[in-house]
1. Look at the stretch 172-216 and say how many of its residues are among the polar types (S, T, N, Q) and either farther than 27 Å from Gly28 by Cβ or in a loop (DSSP other than H, G, I, E, B) (or both).
2. Is it the case that some residue within the stretch 104-117 is closer than 29 Å to Ala64 by Cα, touching a residue at least 60 places away in the same chain (Cβ under 8 Å) and small (Gly, Ala, Ser)?
3. Tell me, yes or no, whether the stretch 49-58 has at least one residue that is on the phi < 0 side of the Ramachandran plot and under 17 Å from the mean Cα position of the chain (by Cα).
4. Determine which member of the set Asp124, Asp120, Asp141 is acidic (Asp, Glu), out of contact with any Gly (no Cβ under 9 Å at 6 or more places or on another chain), crowded, with 20+ Cβ neighbours inside 10 Å and under 19 Å from Lys87 (Cβ atoms).
5. Taking the stretch 52-84 as the search range and keeping residues that are part of a loop (DSSP other than H, G, I, E, B) and of a type in the set (Ser, Thr, Tyr), which one is surrounded by the most Cβ atoms within 10 Å (Cβ to Cβ)?
6. Taking the stretch 92-115, which residues are touching a helix residue (DSSP H, G or I) at 6+ places or on another chain (Cβ under 8 Å) and more than 15 Å from Glu182 (Cβ to Cβ)?
7. Can you tell me which of Gly159, Gly149, Gly164 is touching a residue at least 24 places away in the same chain (Cβ under 8 Å), in contact with a His (Cβ under 6 Å, 6 or more places away or on another chain) and within 19 Å of Ala82 (Cα to Cα)?
8. If a residue has to be assigned to a loop (DSSP other than H, G, I, E, B) and under 11 Å from the mean Cα position of the chain (by Cα) to count, how many in the stretch 23-33 make the cut?
Amino acid sequence: MVLQEEREQIVEYGKRMSGDGLSAGTSGNISIYNAEKGWMAISPSGIGYFDTKPEDVVIMDLDAEIIDGARKPSSEWALHAAMYKAKQDCRAVVHTHSMYCTVFAALRQPLKAAHYVIADAGVDTVPCAPYCTFGTRELADAAASTIGGSNAVLLANHGLLVCGGTLKSAYSLACGMEFCAEVEYRAKTIGNPVYLSEEEMAKVLEGFKSYGQPKK
């Protein structure tokens with residue numbers, strides 16, 4: 001099977017995304033980019049995550065040519081392709097409709113540094129892209145032009161999109177951004193959040209460069 005390992009990972013993380021409550025029903029989508037071949041493996045359109053099998057995952061290039069698979073790819077394939085074209089180190093994309101990130105997307109507000117973990121995105125503020133209809137090139141272009149140096153971007157009235165060097169890191173980032181969004185939301189229900197300063201976030205961002213175990 002073409003890109004079997006990537007297909008199996010997408011099935012695994014699709015189940016995690018659904019089980020963790022990051023996307024309801026068949027919403028959201030996941031992809032992995034194989035840069036050597038120039039192909040991406042992407043979740044199929046409209047199939048529940050617990051019903052998706054590796055052979056349902058579609059293999060395609062970044063210009064919409066289907067390489068392998070009998071299923072229709074996610075309606076947001078162009079959104080994923082745009083990220084791989086815009087961010088040279090991106091190898092996986094996770095798009096969720098997680099509750100708290102989607103609340104901020106509905107408000108068309110960025111996520112700010114109410115909690116230092118926002119630095120996981122590589123920035124101190126996660127931007128919000130302008131609203132565009134789902135599944136369109138316009139949405140893909142809006143996300144690509146908004147994300148900048150961040151590895152996460154909100155999509156107005158839609159949800160969250162994150163990039164990573166691996167699917168594991170991208171999924172972890174999606175979870176982290178949902179945590180940050182919930183913290184900021186809950187803080188706002190009580191009062192006015194005290195956001196971390198640019199100076200403090202600069203320290204955090206620097207500290208995150210050496211966080212975790214050394215790379216082998």
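Nothing in this text is a laboratory measurement; each read-out follows from the coordinates by a stated rule. In this text the structure is predicted, and so the values were computed from the model without any measurement. FYI the Cβ positions are ideal-geometry reconstructions off the backbone, even for glycines, and counts take in every protein chain you see.
1. Qualifying residue count, the stretch 172-216: 4.
2. no
3. yes
4. The unique qualifying residue is Asp124.
5. The extreme case among them is Ser74.
6. Ala92, Val93, Val94, His95, Pro110, listed by residue number.
7. Just one listed residue meets the conditions, Gly159.
8. The number of residues fulfilling the criteria is 1.
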